[in-house]
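J.: A single structure is presented below for examination.
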Amino acid sequence: MSEDDAETVENCQKNIGYFISYDNLFSTWIKKGQDFSVGDVRDALNAFNRLVGSNHKNTFDNIFDTLAKGVNDLGSQEGERTKAIKGLIMLINEIPMDNKQNFDVLGFVYEFLLKNFAANAGKAGEFYTPYEVS
């Protein structure tokens with residue numbers, strides 16, 4: 001599916017509020033491997049904003065602004081940003097999400113990020129108490 005299929009785009013915009021083309025899917029980025037770049041993320045964010053249905057602008061408009069701005073904080077050069085985002089994508093891809101887990105996947109991701117934020121800040125005790133301890 002791509003933006004070229006106007007009927008599909010319009011149907012998605014009407015029924016779910018937005019359209020995301022195949023090129024902008026997480027699974028497509030994984031398949032790109034070494035060909036993935038930070039430009040793919042920027043293109044996807046711009047496409048999402050452009051392809052939000054007119055009746056859903058209030059719901060989805062600017063929803064990824066913080067992410068778009070944060071991409072620039074991942075490094076001073078495109079290569080550094082690409083490497084950081086690739087690492088994050090590969091990390092997310094390793095999270096088991098086949099509904100066979102006996103834990104909340106979103107909660108797991110949240111705790112992982114919180115734990116690593118606290119560790120990187122050098123103040124783990126002040127910001128994060130591991131689940132096992134609490």
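J.: Considering only region 91-117, state which residues are touching a residue at least 12 places away in the same chain (Cβ under 8 Å) and either of a type in the set (D, E, K, R) or within 20 Å of residue 36 (Cβ to Cβ) (or both).
T.: Result: 92, 93, 95, 111, 115.
J.: Enumerate the pairs (first residue in region 1-20 and touching a residue at least 24 places away in the same chain (Cβ under 8 Å); second residue anywhere and among the charged types (D, E, K, R) and open to solvent by 70 Å² or more (accessible area, probe 1.4 Å)) with beta-carbon separation below 7 Å, excluding pairs fewer than 6 apart on the same chain, so at least 6 apart or on different chains.
T.: 9/3
J.: How many of the residues in region 58-82 are open to solvent by 50 Å² or more (accessible area, probe 1.4 Å) and part of a loop (DSSP other than H, G, I, E, B)?
T.: Counting residues in region 58-82 that are open to solvent by 50 Å² or more (accessible area, probe 1.4 Å) and part of a loop (DSSP other than H, G, I, E, B) gives 6.
J.: Still on this structure, please answer the following. Out of curiosity, is residue 85 under 22 Å from the mean Cα position of the chain (by Cα), at pLDDT 75 or above and assigned to a loop (DSSP other than H, G, I, E, B)?
T.: no
The values are calculated or read from the model by the stated rules, or taken from the named source; none is laboratory data. For clarity, every value in this text was computed on a predicted model and none was experimentally measured. Counting neighbours? That spans all protein chains shown, and the Cβs are built from the backbone with ideal geometry, glycine included. Heavy atoms of the whole protein, side chains included, go into the accessibility calculation; ligands, DNA and RNA do not. Shrake-Rupley method; radii C 1.70, N 1.55, O 1.52, S 1.80 Å.
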